[in-house]
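One structure below.
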Amino acid sequence: MFSMVNQVSLNMMSVSIAEAIREAARTLRQAGVPDARREAGSLLQHVIDCDRTFVITHAEDLITLEAQQSLRDCVARRAEGEPLQYITGRQAFFGLDFEVTKSVLIPRPESELLVETALHLVDKGRAAPSICDVGTGSGCIAVALLHENQRVSAVGIDLSIEAIQVARRNALRHCVSARISFVVADCLSALGAGKPVFDLMVSNPPYVAVSALNGLQREVRDHEPRLALSAGIDGLTIIRRLLLDSGVLVKAGGHLLIEIGFDQRAAVERLIDRTTWKFLGIHKDLQGIPRVVALQKTCS
Ligand SMILES: C[S@@+](CC[C@H](N)C(=O)[O-])C[C@H]1O[C@@H](n2cnc3c(N)ncnc32)[C@H](O)[C@@H]1O
């Protein structure tokens, strides 16, 4: 009898990796989390600090009670709508692993298009291109660019001091710190001298209209920083400022790339001053949505 009790209590306490994932997935599914099993696996990997291969090859290994409790805590947060990336503290972007905190937007796959377009331009352009990333957030765009092209140097700007701290750590993590400086500033206001020093300016600015905030997914609406999402009544406040102020800072023949919202193409095209910028086109993302506006500084 005694040994059975022990056996029962042992069974109650110890669960295998596979069982822990199954239980976590069940809870997430009940909470309406899409892709519950994959997310449960990611949370388990986070808790026991291992990769997917380990989970698959050690499915029958038992996890500690402490790990079980941590997993339950993480699952509860995810079930409440907190994004997986804020719980695990990481997100992959352009093949690199980025630290994310609640102070930064979670890097999105569509912003990889901005990086690809920028890389194409710097490859064709000057020998040691200088880039400015406005609204750098986690630093994902600037850091990916620097990581891909050793000749590039950059300035990353953000209004949020907490975001800049995360961006600095991501630059360190990917060994590009020596080629990037970070500035806490309101858009381009800190670069006031107005000299054309950049070959390329890139930005994934906040572009959600205030009226659209309530309609966002709860993960985004309730957890990602408002400063990273919202940009005035029409969502164009920061884009408008970038189009107006960046002309004096970009060299003749240099470029400006701006990520825009799915419905902003026509409005943004109307904002472009054609005496300062040659409109090169709008690149579509993988969903076919016009996403990256490409402009070239005129030589006049
Ligand atoms: C959409 S997020 C982009 C973050 C990152 N570049 C990315 O692609 O994941 C916009 C960023 O702009 C910053 N931001 C908002 N208003 C700003 C302003 N007036 N000046 C500078 N940065 C600003 C936010 O803090 C946020 O980090």
From the list L216, L172, L227, L159, which one is surrounded by fewer than 16 Cβ atoms within 10 Å (Cβ to Cβ), within 14 Å of the ligand (Cβ to nearest atom) and more than 20 Å from G254 (Cα to Cα)?
-> L216
Please indicate, with yes or no, whether at least one residue in the stretch 217-234 is over 17 Å from the mean Cα position of the chain (by Cα), in a strand (DSSP E or B) and over 23 Å from L84 (Cβ atoms).
-> no
Of the residues that make up the stretch 192-209, is at least one surrounded by 15 or more Cβ atoms within 10 Å (Cβ to Cβ) and in a helix (DSSP H, G or I)?
-> no
Single residue of I239, I233 found to be touching a residue at least 12 places away in the same chain (Cβ under 8 Å), loosely packed, with under 14 Cβ neighbours inside 10 Å and β-branched (V, I, T) | I233
Restricting attention to the stretch 42-87, and to residues there that are in contact (Cβ under 8 Å) with a residue 60 or more places away in the chain and within 16 Å of the ligand (Cβ to nearest atom), which single residue is farthest from G139 (Cα to Cα)?
-> P83
Scan the stretch 87-137 for residues that are within 27 Å of D245 (Cβ to Cβ) and in contact with a Lys or Arg (Cβ under 6 Å, 6 or more places away or on another chain) and jot them down.
-> E110, L113, A128
Unmet requirement for N149, which otherwise passes all of (1) within 15 Å of the ligand (Cβ to nearest atom); (2) under 30 Å from V248 (Cβ atoms) = (1)
Kindly list, by first and then second residue, each pair from a residue in the stretch 256-269 that is free of Cβ contacts under 8 Å to residues at least 60 places away in the same chain and over 12 Å from R240 (Cα atoms) to a residue that is outside any helix (DSSP H, G or I) and of a type in the set (S, T, Y), limited to pairs with Cβ atoms under 6 Å and residues at least 6 apart or on different chains.
-> L256/S246; G261/Y207
Please find, within the stretch 188-206, the residue that is farthest from the ligand (Cβ to nearest atom) out of those that are modelled with pLDDT of 95 or more and touching a helix residue (DSSP H, G or I) at 6+ places or on another chain (Cβ under 8 Å).
-> D199
How many residues does the stretch 223-239 hold that are modelled with pLDDT of 95 or more and out of contact with any strand residue (DSSP E or B) (no Cβ under 7 Å at 6 or more places or on another chain)?
-> 9
Could you list all residues from the stretch 130-151 that are farther than 20 Å from D97 by Cβ and surrounded by fewer than 24 Cβ atoms within 10 Å (Cβ to Cβ)?
-> S130, R151
Filter the stretch 262-284 for residues that are modelled with pLDDT of 95 or more and farther than 22 Å from L121 by Cα and give the result.
-> Q264, A266, A267, R270, L271
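The values are calculated or read from the model by the stated rules, or taken from the named source; none is laboratory data. Just so it is clear, the model here is predicted, and its values are computed rather than measured. FYI the Cβ positions are ideal-geometry reconstructions off the backbone, even for glycines, and counts take in every protein chain you see.
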